[in-house]
Amino acid sequence: MKKLYFFCLMAAACLLELPAQTATPINNEVINTIMARRSVRKYLNKPVEHEKLEAVIHCGINAPSGMNRQPWVVRVVEDQKLIADVTEVYKKENAEQVKRDKDFKNMFRNAPNLICICTPANGGGELEAGLLGENMILAAQSLGLGTCCLGGPVRFILSSEKAKFFLERLDIPTDYKLNYIIAIGYPDEQPEARPRDASKVKFIN
Ligand SMILES: Cc1cc2nc3c(=O)[nH]c(=O)nc-3n(C[C@H](O)[C@H](O)[C@H](O)COP(=O)(O)O)c2cc1C
């Protein structure tokens, strides 16, 4: 009986989930870029050109911030060996998971480059870090690049003693901490839009 109740509950939850909204009534280049963006987890074996990474970063640091404080530190990883080395640590500590993933190339959803976003160690700056990140994600999309926001790999790096060298290599100031990573590269997949719950929005008029 309990099982049936659980099944009905799950079925109801699925039915309530609204389909992904992939089109808007008004379109332009920016709106189309926003609507076309999806998290990419398969990438071509082709690092992003330095100039493109620079353009993406430039868009990021032009995001708004409270009193223009810019409470972030950003590190762009172009060093393929650093990604491979920390992935080796990850593979040893997550062997089963890696074995199950037939597409596994590295622990950053297989991306060739990383943008590491740091916020003040004593808290705050998360809102700005998010705005900075979305600017970069959309700039990347407009350049034909794919991205994926990553929290999981950050948790691993912060918790594993053996992955410490990665943080040391990032050379993060002592008053900042690694908050999240944006994986970036040339996409090797075109993921479908995931459902969005438009019922969470109310227009007050
Ligand atoms: C703060 C944050 C952390 C995330 N962490 C991960 C992650 O560790 N691994 C992953 O594959 N995707 C991660 N994602 C991507 C989300 O799963 C994704 O954005 C969401 O499912 C919506 O799909 P879409 O981006 O394709 O629209 C993260 C996204 C955000 C905003």
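The values are calculated or read from the model by the stated rules, or taken from the named source; none is laboratory data. This structure is a prediction, so every number in the text was calculated from the model and none was measured. Glycine also receives a Cβ, built like all others from the backbone with ideal geometry; neighbour counts cover every protein chain displayed. These area figures cover heavy atoms from the full protein model, side chains too; ligands, DNA and RNA do not enter into them. Shrake-Rupley method; radii C 1.70, N 1.55, O 1.52, S 1.80 Å.
Below is a table of values for the structure above.
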item	result
Inter-centroid distance (Cα atoms) of region 110-154 relative to region 47-78, Å	9
Accessible area expressed per residue, region 32-185, with surrounding protein chains retained (probe 1.4 Å, Å²)	52
Packing-based order for 69-80, 133-144, using average beta carbon neighbours within 10 Å, highest first	133-144, 69-80
Protein accessible area in region 32-185, 1.4 Å probe - carbon and sulfur %	52
Distant alpha-carbon pairs in the chain (separation over 23 angstrom), percent	54
Cross-link partners of residue 91 among lysines (Cα-Cα below 19 Å; sequence separation of 8 or more within a chain)	42, 81, 99, 102, 105, 162, 164
Region 32-185 - charge dipole about Cα centre, Lys and Arg +1 at Cβ, Asp and Glu -1, debye rounded to 20	620
The chain: relative contact order in percent, alpha carbon pairs under 8 Å with at least 6 residues between	35
Listed residue (183, 104, 141) projecting farthest to the positive dipole end of the chain, Cβ model	104
